[in-house]
Ligand code: JFZ
C-alpha cells in the first residue's frame, strides 16, 4: 500500500469508529452519544449550586429513635431503627405509622428554610430502606397515598419548585418491606431479618426488580425531578444483578434526559468506590455508572480534578430524626465545611431529619439560618466558583471564578485572621491582582504584587468571626 492510501485508510477507519461511537447504544447510565460539552452543560446548574439540603423523612421519623419506650441509642442513623431492633415490617409499621402525622404545610417550611439557608436544591427520601413510599403508588400499598390519602412527594416537589429550588429524589433500592426482595443474596447489605429464613418461602428477586423499576417509573413520569440519588449497593450485590441498574438508569434518562444521578447503584472501582464503608471513595468515575461520587460524612483531603462529587453530611449523627442525639455540629463548623468543600470543587448536601409531623428540629433551623446569614453576605464566593488554585493555605481556603483568559476573581476565605493584618498568597502565573476588598463589614483591603508573592493588607480585626472573605480582582498580566 502506498503512503497516500495508507493515510486515507487510517482516516476512514477513524471516521468510522467515531460514527460507531456516536451510534453505540447508551453504555449504561451515560446518555447515548452525549459529548463532554453536552455533559458539562447538563451538569452546569449542579456545579454552580454548591449547596443543597438533604431531607430524611419517613415512618421512622415519628419513632424518633425510641422503641418500646426506650432510646435505641444516642448516636447513628435512626432511619435504620427497624433494622436496629430487628423488627419485621408489620411490627415496625404498627409502631411507627401512628406517629407519622405530616402537618399541613410542612413542605413549605422546608422549602422556605432551604431558600433562607442559601441552598439551591433539595434532595429528599421518596423511599428509604424501610420501603415506605411518600407518593401515591399504584404498584404498592405501603405508601402515603394508601395509608394517609396524601401524595407527600407532590407536596414537597410543589413547595420546592415554588421557592425555585431544584429537586432530587433519594430512592432506596434496598427494601425491607417488599416480600420478594431477596435479602439473602447479599452478605453486606442490611435487612432486619438478615440471617433468618424468608418468612414465606423462596423469594423471586426479579419480581422485586420489576417493582423497583415500576415505582421509579411513576416517580420520574409524574414529577419534574432534577436528581436521582440512589442508595445503595454492596461489593457482593450491585449493578445489573441487584437492581437491573443499567436498564433503570436508561429508563430514567429516557423520561428525564437532563437528570443527574449519583453512583450508588454500583460498588466498584470504576464507579468511584474503594470498597465498603462510607469513606471508601476513589477520585474517579466512569460516566456510565453515574454523574457524581458521594463521600458520606467526610470531606476529601484534596480536590478531584475532572470528577464531580458531593459530600453528604448530618448536623448531628443521625439522618432520620432522633430525640436522643444531641451531638450537634456548630454553625461555625458547618459554614467552614461548606467553604472547605467549595474550595475543593465539591458540593455540600447538608441533612435535616424532620420530626413525624414534618417540623424541623430547632437546632437545625438555627444552624441553617446562621449559614443563610453568612451566605447572603458571602454567597458570591461560593456559587459558581471552582476549586482553589492552591493546594494549601495556612490561614484558610480559596475559591475562584473563571474569566475568559484565566481566573477573574479569587476569594480568600480567612479562618484565622492575621494578627499583623497581612495575608500572603503565591502569585498566579499570567495574572495580576488589580483590586482587593472585603465582602463583610466596611473595612478596606489592598493588594500589592511583590514578585512571587501577592500581599494582601487587611484591617486588624476580622469582619466575620467564622469566615471572612477577601475578594481579589485579577487581570491577565501585562
Ligand atoms: C446510606 C443509608 O443507609 C443511610 O441511612 C443514609 O440514607 C445515607 C445517606 O446513605 O448510608 C450508607 C451508605 C453506605 C454504607 C453505609 C451507610 N456503606 O457502604 O457501608
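The values are calculated or read from the model by the stated rules, or taken from the named source; none is laboratory data. The structure displayed is predicted, hence computed values, not measured ones. In this analysis, Cβ positions are derived from the backbone assuming ideal geometry, glycine residues included, and neighbour counts consider all displayed protein chains.
For this structure, a couple of remarks:
- Inter-residue pairs, beta-carbon under 7 Å, first free of Cβ contacts under 8 Å to residues at least 12 places away in the same chain and in the range 356-377, second assigned to a helix (DSSP H, G or I), 6+ apart: none
- Taking first residues from the range 73-92 that are over 20 Å from residue 195 (Cβ atoms) and partners that are assigned to a helix (DSSP H, G or I), the Cβ contacts under 7 Å between residues at least 6 apart in sequence or on separate chains come to 78/60; 79/60.
- In the set (1) out of contact with any strand residue (DSSP E or B) (no Cβ under 8 Å at 6 or more places or on another chain); (2) more than 18 Å from residue 132 (Cβ to Cβ); (3) within 16 Å of the ligand (Cβ to nearest atom), residue 248 fails one condition alone, (3).
- Of the residues making up the range 393-410, those that are modelled with pLDDT of 95 or more and either surrounded by fewer than 16 Cβ atoms within 10 Å (Cβ to Cβ) or under 17 Å from residue 455 (Cβ atoms) (or both) are 393, 394, 395, 396, 398, 410.
- 2 or more residues farther than 28 Å from residue 116 by Cα: qualifying strands (runs of 3 or more DSSP E) within the range 357-474: 406-414, 422-426, 431-438, 446-450, 453-457
- When the range 276-306 is filtered for residues that are within 11 Å of the ligand (Cβ to nearest atom) and at positive phi, the ones remaining, listed by number, are 277, 297.
- Among the residues of the range 266-314, those identified as buried (at least 23 other Cβ atoms within 10 Å of the Cβ) and in contact with a helix residue (DSSP H, G or I) (Cβ under 6 Å, 6 or more places away or on another chain) are 266, 271, 311.
Conditions (1) loosely packed, with under 14 Cβ neighbours inside 10 Å; (2) in the same structural domain as residue 369 (by TED's automatic domain parsing); (3) within 16 Å of the ligand (Cβ to nearest atom); (4) at pLDDT 95 or above, marked per residue:
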{"position": "7", "(1), (2), (3), (4)": "yes, yes, no, no"}
{"position": "14", "(1), (2), (3), (4)": "yes, yes, no, no"}
{"position": "41", "(1), (2), (3), (4)": "yes, yes, no, yes"}
{"position": "44", "(1), (2), (3), (4)": "yes, yes, no, yes"}
{"position": "47", "(1), (2), (3), (4)": "no, yes, no, yes"}
{"position": "54", "(1), (2), (3), (4)": "no, yes, yes, yes"}
{"position": "58", "(1), (2), (3), (4)": "no, yes, yes, yes"}
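- Of the candidates 257, 199, the single residue that is assigned to a loop (DSSP other than H, G, I, E, B) and over 28 Å from residue 46 (Cβ atoms) is 199.
- Against the conditions (1) within 17 Å of the chain's Cα centre (by Cα); (2) closer than 30 Å to residue 102 by Cβ, residue 362 satisfies every one except (1).
- Meets criteria (closer than 24 Å to residue 130 by Cα, within 16 Å of the ligand (Cβ to nearest atom) and surrounded by 23 or more Cβ atoms within 10 Å (Cβ to Cβ)) for residue 320: yes
- Cβ pairs under 8 Å, 6+ apart, first in the range 119-131 and over 23 Å from residue 211 (Cβ atoms), second away from the ligand (no atom under 12 Å from the Cβ) and part of a loop (DSSP other than H, G, I, E, B): 119/165; 120/50; 120/165; 120/383; 121/165; 121/226; 122/165
- Some residue of the range 265-272 being modelled with pLDDT of 95 or more and outside any loop (DSSP other than H, G, I, E, B): no
- Single condition residue 332 does not satisfy, out of (1) surrounded by fewer than 20 Cβ atoms within 10 Å (Cβ to Cβ); (2) away from the ligand (no atom under 16 Å from the Cβ); (3) outside any helix (DSSP H, G or I): (3)
- Scanning the range 216-247 for residues that are closer than 22 Å to residue 184 by Cβ and in a helix (DSSP H, G or I) turns up 239, 240, 241, 242, 243, 245.
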